[in-house]
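K.L.:
I'd like to ask you about the structure that follows.
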Amino acid sequence: MLRWLSNDDRHKEPEVYDNVVEGLKRIYKSKLLPLEEHYRFHDFHSPPLDDPDFDAKPMILLIGQYSTGKTTFIRYLLEQDFPGMRIGPEPTTDRFIAVMYGDQEGMVPGNALVVDTKKQFRPLSKFGNAYLNRFQCSLQNNSVLRSMTIIDTPGILSGEKQRVDRGYDFAGVLEWFAERVDRIILLFDAHKLDISDEFRRAIDAIKGYDDKIRIVLNKADMIDHQQLMRVYGALMWSLGKVLNTPEVARVFIGSFWDQPLQFDMNRRLFELEETDLFKDLQSLPRNAALRKLNDLIKRARLAKVHAYIISSLKKEMPSMFGKDSKKKDLINNLNNTFTSLQQEHQISPGDFPNLKRMQDQLQHHDFTKFHAMKPKLIETVDKMLSDDIARLMQLIPHEEAENIKNTVVKGGAFEGYNESPFGIGKGEGVDKGRGEHEWVVAQEKYEYDDSFEKLNPVNGKITGAAAKGEMVKSKLPNSVLSKVWKLADVDKDGMLDAEEWALANHLIKIKLDGHDLPADLPEHLIPPSKKDCVN
Ligand code: MG
Ligand code: CA
């Protein structure tokens, strides 16, 4: 009775979601998970997602060869040590460390982490004890960690050292994290740039997540400008080859620690780069919902392709004899299966899993236990992609606007990186010399005394007509020069004395350096002898 009605979901009201994360949890469990389970997606690709995966704070994963400054970078962001932190020239971090917020500082070993149902690390138990002994969580009461979790990783070895076997699937672990983090920061050392085989494999493992990758060319102050340009070029070239993407991820050049710069001619560049990188990291909490949504879409597409592959292998299996040889056959010719599925379902080759890896994994499976195609499962996921995802997408701008205030990363190096007197543009331009005892122009006055004398001052002063010829050499337009003249004529007598002339040249330099001129002359630029002309 009435079954036709309850069974017809075209008449169902669309589900209402309170927020993106709750919506994602629900559609994952009710629409995608059944497809994943039916075709053993978890054995092949990625363990099932759990609520903590969706609830987790934004995560940043740091990857780099040893001694590229990963741990130091974290210390720099937090402006605080964290438990278990070791920094040094030799490979010092021999483990994965999830640096997370805690009311009290402390450490939790990997074995305990993977049984904690509130944390998102449970699936890592599949990498075995050798890995769990090399995994820990460091808790620190640090306000940066209130909005993000940072994953430190063991330094990747190069040359001889890399033959040391880690005893666990290092690339597999990286891939597990890559799927779940919001940012992957690849660190390179500008003064010894080499890309080892293990590093290449590491980059390979995170390849599917190009959009999360940011690259930091660290320790860039250790080399001079010319070397830096050369290293930058070499890095872009190797990355282009390793990442196989035409547009290489953004590279930030800098020196992310709190020590004096060795070559400081690029100070301004480093400061700008740092600001950009901080802005990027600041945006993570705000964009976390969108990131989770994107990752779920990616996962759903892979789950569909996987279902096609498994059910097609099942279809090819004989019901009686020759099962083993048929299985061998199917594995060897898996590329043909891929090709025909691509054509049949119009799926791009890029959506397919790695062929070699899939072949390896299939060896361990009994094809007769695979399930046949169940179109209803695929339809549900298709509907999820077209309807539910679209509706969750609509919530995002609203959520971002709501959260904009309480999701700003606070504390550590984020604290006022643009408010401090040492931030970008501070202590430069018109600001230069502010708060200093000495008149800042005094240091450069001697440079302008010659030109002053050449302008034949009368009673120690020159007129505008005399000064004009010299001032236009700056190539600044007249509107700017007349502003300079007005600002520099501090005592308003229509002429410039030697001090005022130096000030005029100082202002011209400020403008030529790309800074703005002030409307009024700030206190610290007034020549000491004229303090009483301006009250
Ligand atoms: Mg380290
Ligand atoms: Ca004057």
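The values are calculated or read from the model by the stated rules, or taken from the named source; none is laboratory data. All values derive from a computational prediction rather than experimental measurement. FYI the Cβ positions are ideal-geometry reconstructions off the backbone, even for glycines, and counts take in every protein chain you see. Just the protein is used for accessible areas: all its heavy atoms, side chains included, with ligands, DNA and RNA removed. Shrake-Rupley method; radii C 1.70, N 1.55, O 1.52, S 1.80 Å.
K.L.:
Once both labels are modelled 7 Å past Cα along the beta-carbon direction, what's the Ser196-Asn478 spacing in nm?
P.N.:
For the pair Ser196/Asn478, the computed spacing is 6.7 nm.
K.L.:
Through the Karplus equation 6.51 cos²θ - 1.76 cosθ + 1.60, θ set to phi - 60°, convert the phi angles of the stretch 150-157 into ³J(HN,Hα) values in whole Hz; use x for Gly and Pro.
P.N.:
10, 9, 8, 10, x, x, 7, 8
K.L.:
Over the stretch 248-390, average the accessible area per residue using a 1.4 Å probe and give it in Å², no decimals.
P.N.:
For the stretch 248-390, the per-residue accessible area is 53 Å².
K.L.:
So the label point goes 7 Å from the Cα of Gln359 along Cα→C-beta, right? Which residues of the stretch 306-336 then have their backbone N under 14 Å from it?
P.N.:
Flagged as within label range: 328-336.
K.L.:
With an 8 Å cut-off on Cα pairs and a minimum separation of 6 or more residues, tell me the relative contact order of the chain in percent.
P.N.:
Contact order relative to length: 15 percent.
K.L.:
If contacts are Cα pairs under 8 angstrom and at least 6 residues apart, what is the relative contact order of the stretch 34-189 in percent?
P.N.:
Relative contact order of the stretch 34-189: 37 percent.
K.L.:
Counting alpha carbon pairs within less than 8 Å and at least 6 residues apart, what relative contact order, in whole percent, applies to the stretch 439-502?
P.N.:
The value is 45 percent.
K.L.:
What is the calculated FRET efficiency for Ile347 to Leu269, with r their C-beta to C-beta distance and R₀ = 41 Å, to the nearest 0.05?
P.N.:
0.40
K.L.:
With +1 on each Lys and Arg Cβ and -1 on each Asp and Glu Cβ, and nothing else charged, work out how big the dipole of the chain is about its Cα centre, in Debye to the nearest 20.
P.N.:
Approximately 2380 debye in magnitude.
K.L.:
Also, quick follow-up: Apply 1/(1 + (r/R0)^6) to the Cβ-Cβ distance of Tyr446 and Arg301, taking R0 = 60 Å, and write down the FRET efficiency to the nearest 0.05.
P.N.:
0.30
K.L.:
Exceeding 22 Å between C-alpha atoms, which entries from my cross-link table qualify? They are Lys25/Lys298; Lys432/Lys483; Lys119/Lys356.
P.N.:
Beyond 22 Å: Lys119/Lys356.
K.L.:
Continuing with this model, one more query. Between the stretch 100-158 and the stretch 278-315, what's the alpha-carbon centroid distance in Å?
P.N.:
The distance from the Cα centre of the stretch 100-158 to that of the stretch 278-315 comes to 23 Å.
K.L.:
Compute the signed sum of charges (Lys and Arg +1, Asp and Glu -1) over the other residues within less than 12 Å, Cβ to Cβ, of Arg201.
P.N.:
In short, -2.
K.L.:
Something else now. Which whole-number value in Å² is the accessible area per residue of the stretch 149-233, probe 1.4 Å?
P.N.:
Heavy-atom SASA per residue in the stretch 149-233 reads 37 Å².
K.L.:
Considering amide H positions built from the backbone, and no H for Pro or chain starts, which residues 5 or more places from Leu517, or on another chain, come under 5 Å of its amide H?
P.N.:
Counting only residues 5 or more places away or on other chains, the set is empty.
K.L.:
Let me ask something else about it. What value does the stretch 265-313 have for Rg/Rh, both radii from Cα atoms and Rh as Kirkwood defines it?
P.N.:
With Rg and the Kirkwood Rh in hand, the quotient comes to 1.41.
K.L.:
Now for a different question. I need the calculated FRET efficiency for the pair Lys468 and Glu436, taking r as the beta carbon distance and R₀ as 30 Å, to the nearest 0.05.
P.N.:
In this case the efficiency is close to 0.45.
K.L.:
Here is a follow-up. With a 1.4 Å probe and every protein chain kept in, tell me what percent of the accessible surface of the stretch 117-271 is carbon plus sulfur.
P.N.:
49
K.L.:
Starting from the amide H of Ile213, placed 1.01 Å from N in the peptide plane, find each other amide H under 5 Å away whose residue is 5 or more places distant or on another chain.
P.N.:
When sequence neighbours closer than 5 places are left aside, the close amide H contacts are Ile184.
K.L.:
Now for a separate question. When we measure straight from the Cα of Lys327, which aspartates and glutamates land under 20 angstrom away, once same-chain ones fewer than 8 places off are left out?
P.N.:
Asp43, Glu316, Asp360, Asp366
K.L.:
At a 1.4 Å probe radius, which order do Trp485, Trp176 fall into by accessible area, largest first?
P.N.:
Descending order: Trp485, Trp176.
K.L.:
Please state the Cα pair-distance histogram of the chain with 20 angstrom bins from zero: what percent is in each bin?
P.N.:
Over the chain, the share of Cα pairs per 20 Å bin runs 18, 40, 26, 13, 4, 0 percent.
K.L.:
Using 0.36 nm per residue, how much length does the chain from Asp382 to Asp116 gain when fully extended, once their Cα-Cα distance is taken away?
P.N.:
Going from the current span to full extension adds 92.4 nm.
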